[in-house]
Structure formats: C-alpha cells, structure tokens
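Readers should treat all values here as calculations from the given coordinates under stated rules, not as data from a laboratory. Predicted model, so just to flag it, every value in this text is computed and none were measured. Glycine also receives a Cβ, built like all others from the backbone with ideal geometry; neighbour counts cover every protein chain displayed.
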Amino acid sequence: MRGNLPGGGSGPDRLERRLGVADAVVIGLGSMLGAGVFAAVGPAAGAAGSWLLAGLALAGAVAYANASSSAALAAVYPESGGTYVYGRRRLGPFWGFLAGWAFLAGKLASCAAMALTLGSYVAPGMARPVALAGLAAVTVANYLGVHRTVAATRVVVGVVLAALAAAVAGMLLGGQADLANLTTRAGGGAGAYGVLQAAGLLFFAFAGYARVATLGEEVADPARTIPRAVPLALGIVLAVYAVVCAAALLAAGPAALATSPAPLAEAVGAGGLAGLEPVVRGGAAVASLGVLLSLQAGLSRTGFAMAANHDLPAALAAVHPRYRVPHRAELAVAALVGLALLAVDLRGAIGFSSTLVLVYYAVTNAAAWTLESSERRRRRWRAGAGLAGCLVLAVSLPAASVLAGAVVLGVGAAVWAVLAGSRRGSGGSGALPPG
C-alpha cells in the first residue's frame, strides 16, 4: 500500500529514495546518541535518584512500543512527514496537524538545546556564538543533500561511541566505583513518581528512532528497510545508554549527577582518571552537533509535508532541483532554531520537548491502533501500551514543562480552527486523497 501526498509519485516535486538499512540505522543512531547521555542524565538523576536505571528501562520500553507503531505505519505510508502523515491518514486532518505542530515545536526546542550544549562544551564563555556557528554548519550539510547528511552522521556516531567508551573506562577504572550508589537515593528522588519523571526526561534521548520514518520518502524499499532499521537503532542505543548510566551512577552517585551541568564529565572526574575529561567534553560537543544534524533534517521533512498539504506556507514544499532536498524548509527551520537558542534554557528545553514529543507519539500509537491485521507486523496491544505510556510519562514531567506544552498545543488547535474555517470558506477540504 502506498499513500501519496499531493503531487505524489516520482516526479521533480518528490524526494529521491537513496537510503538503505545501514544508512537508516546510522541516521537513527546519530539522532539518539549523545542527547540523553550528555544532557538528560542530570535532571533524570535528580528525579529518580539511584533508580535512574529503572527510569531508563521504562523510557526504553515506551520507545520500543512507539518504534513498533512507527515502523508499521512507515511501511504502509513511506512518505516524508512521519506521524503528521499517519495521523491525517488514520485519524483525520486535525490529529495529523496537531502531531506535526507538536513535533515542530518540541524539536525546535531540542535543536536549540543541542546547539547550546555544543557551545557550552566548546567555549563556555561564548556558548551562543558557537551555537550559531554550529547551526550554520549543520544547515549547509543538510542543504547539500541527504547523502552528505548520512556521511557526516556516520563520522559523528563513530566519534561519540569512542568518547563514550573512554568515559566508561574513566568511570570504572579509576578506582572510585561504589556499589552503594545503586541503592542510595539522591535528595531529589521521589519514588515511583520520580521514576516516571526520569523516564519522561530520558525519553528525550530516544525520540530519534523515528527520524527514519520522517525520512521515509528517501528510504529505498521502505516496507523492508524501516521495520528493520528502527528497532536496530533503538536496541543499540538502549544498550549503550544502560552501560553509560550504570557506570556514571557507580562512579559519581545520583546526587553529583543531578547537580552537575556536565554529568558525565563529573563522573569521569570522580572516577580518578581526570585526564579523560577533555575527551568526554569533546565527545559531548560532537554528539550535540550530530543530534542537531539529524534533528534539523527531520524537522525540515515534516515542514515539507505540512506545506504540501497547505498546513504551512506552500512555499516550504519546494524541492531543490539539484540537491533534491526541501531547501526552503531547511532554511526556515534554521532561522527558527537560531531565534530559539537565544533564549532557551537547556534543562527546561528538555522537559518542554519531551512533553510535546510524547504527545506526538501518542498520536502515532493511536494511528497504529487503527491498522488492519494485514497491515501490522505486531499485535495491536503494543500500540495501546505505547499510547498509555506516552500519556502517563507526559503528565509526569515537571509542571512548568507540562503547562508550556499544553499552551503550545492549545495555540496549535486554534491555528487549525482558523485554517479549517478558511478552507470551508473557500470550498476546500484540505484532506489528503485516499491512500
């Protein structure tokens, strides 16, 4: 089954299918590796204390359920746009729009957070100028085509894995590892609620698995490639995160992780091999750049799909005649991220982003629930479990993040109402043709 957006097919207004399983896995790894380990571990440790690993496991379980739903839907609708497309097809135009709105707002905050993380590690005194320079470099890489995006991401993944290996070695071989750190609760630990909140914060790190789905129109043989690439990327990252988080807890303890702006660097220092700390800081900078690279690619594809359906300005649906990328959407995303990073707070951005991205995946699971048995590779209960998990984790996040997310969703609903009224007045439905 193959759904097409307006102007579908393989003509000059559509994107080119170039990515295989290995390329798709690399993009997924580049989207996930780094964000959670270098940014979300601190606030998550503050919420769950020594139960951090339980929060990680719960986040991974919800992500796996979401991954199953994303993979099933992406195989049926191999188009750019991810859940924006799935929601429109399966639940109706409003839900697709709301998912796309939540994705764009949440991931714009994520991009700004990653750019600022880059700047903070490279030059703490000039974090914002360095962040803007990194954003400009990523924009150029994505503008020049998805092949270059994959090539750059492959290098980033290798560097980050090497840095994380050095971090684990520094944390465990420095002679400071203490098993009591796995049982002593940090001051911020709050039992079951703390574990739920930590899982919601750590979910920020796993959301990259669906970047493969948002690039669905550029994946070769999507019915085979996407269902294989998504769980592979997720499984690799979950294993890496588990090792790193366990080592950090053993070396530094949850209290030190919770209060440090650079928790892995703190853990390496506590492990007694401080000489490895610059390696970890360099790896954090490269990781942030790699996540920013893939995030911006996914954002531009969702914007491209929404513009093709007139849910965003139609000019953003243009495809570059040479590089075959949605170049106007790329530039628009870069401009918005540039504005956002001037005011964003890193920890607040993580909570805000997680709230909206969990709503996005709630729509994913709801859409997957409606698939016929012939269209699903997994039992329907996984979609139900994913939907429930997303909603529970979303409301468990810090109150300020939940409130800000609710406001943004309310604004999105209002924008939809205005657009729907305009379409009724002009006699247009704005709906996709049948898949």
Stretch gain in nm, segment GLU375-VAL418, where the contour uses 0.36 nm per residue and the Cα spacing is subtracted: 12.0 nm
As computed over the stretch 28-103, the Cα convex hull volume per residue (Å³): 114
More than 15 angstrom apart: percent of Cα pairs within the stretch 336-398: 59
Amide N proximity, the stretch 274-316 versus VAL140 label position 7 Å along Cα-to-Cβ, cut-off under 19 Å: 286-297
Computed Kirkwood radius, in angstrom, where 1/r is averaged over Cα pairs of the stretch 36-78: 11.8
Cα-based equivalent ellipsoid of the stretch 235-368: semi-axis lengths in Å, sorted from largest, via gyration tensor: 36, 18, 15
Förster radius 60 Å - calculated FRET efficiency between ALA165 and ALA343, Cβ distance, rounded to 0.05: 0.95
Kirkwood Rh, angstrom, the stretch 78-128 [1 / mean 1/r, Cα pairs]: 12.5
Per residue Cα convex hull volume in Å³ - calculated over the stretch 291-398: 147
Mean Cβ count within 10 Å, highest first, over the residues of peptides 259-270, 57-68: 57-68, 259-270
